[in-house]
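The values are calculated or read from the model by the stated rules, or taken from the named source; none is laboratory data. Fair warning: this is a prediction, and the values are worked out from it, not measured in the lab. Counting neighbours? That spans all protein chains shown, and the Cβs are built from the backbone with ideal geometry, glycine included. Remember, those area values only see protein heavy atoms, side chains included, never the ligands or the DNA or RNA. Shrake-Rupley method; radii C 1.70, N 1.55, O 1.52, S 1.80 Å.
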Amino acid sequence: MMLIVDILLDGLFAAMAAMGFGAISDPPLRAYRSIAILAAVGHALRFVLMTVCGINIAIGSLCASLTIGFGALWLGKRIQTPITVLSIPALLPMIPGKYAYNMFFAQIMFLQNLDSMEGQQKYMEMFFFNSIVAITVIFVLAAGATLPILLFPKRTFSLTRKKQ
């Protein structure tokens, strides 16, 4: 029961964040519901894959971004909105901020420990670990969301066109 509450809360918070990110780019009002749904489903999927299935953050993010990308293709057709208007705000809550923050923290600490070889080694390892995770996750998020556009270019282009 507690796991279900955690999954629902994860999706709810992702939906709220995505709508906030979406508001920055001023999408049509009809797009907010789809942005929230995509973010909630994608983030909750990644949460389940990571906590229940033990999948790492990169593979979980790839599965979630593919879900968001194909979901944006389907929902975009229904509300006649471009995929990117729906998928980009939905993806933003999945940016690995903790790893990016720790990457810069390690860089600053490395520079503050130039006189200590042990400190340098510790913070250099921390920097590379967090850099690899952050860059990999951002790459798979972009790749997963872009794949539907590459697979269905005609359908992607026609989303905003009314049927004649």
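For this structure, a couple of remarks:
- Value at 222 nm in deg cm²/dmol, rounded to 500, when DSSP H runs of n ≥ 4 in the chain each add -39,500 (n - 2.57): -27500 deg cm²/dmol
- For the chain, hydrophobic long helices are taken as DSSP H runs at least 20 Å long by C-alpha position along their axis with mean Kyte-Doolittle hydropathy of 0.5 or more; these are 2-24, 31-51, 57-79, 117-151.
- Our estimate of slack between ARG30 and THR84, defined as 0.36 nm per intervening residue step minus the Cα-Cα distance, is 18.0 nm.
- Computed Kirkwood radius, in angstrom, where 1/r is averaged over Cα pairs of region 103-151: 12.2
- Note on region 1-157: Cα Rg divided by 2.2 N^0.38 Å, N the number of residues, gives 1.19.
- The share of accessible area on the chain that comes from carbon and sulfur is 72 percent, using a 1.4 angstrom probe.
- Taking every alpha-carbon pair under 8 Å whose residues sit at least 6 apart, region 1-157 reaches a relative contact order of 26 percent.
- Dipole of the chain, positive end: most advanced residue of VAL48, ALA100, TRP74 [Cβ charges, Cα centre]: TRP74
- FRET efficiency for the pair GLU118 and LEU9, taken as 1/(1 + (r/R0)^6) with r the Cβ-Cβ distance and R0 = 35 Å, rounds to 0.30.
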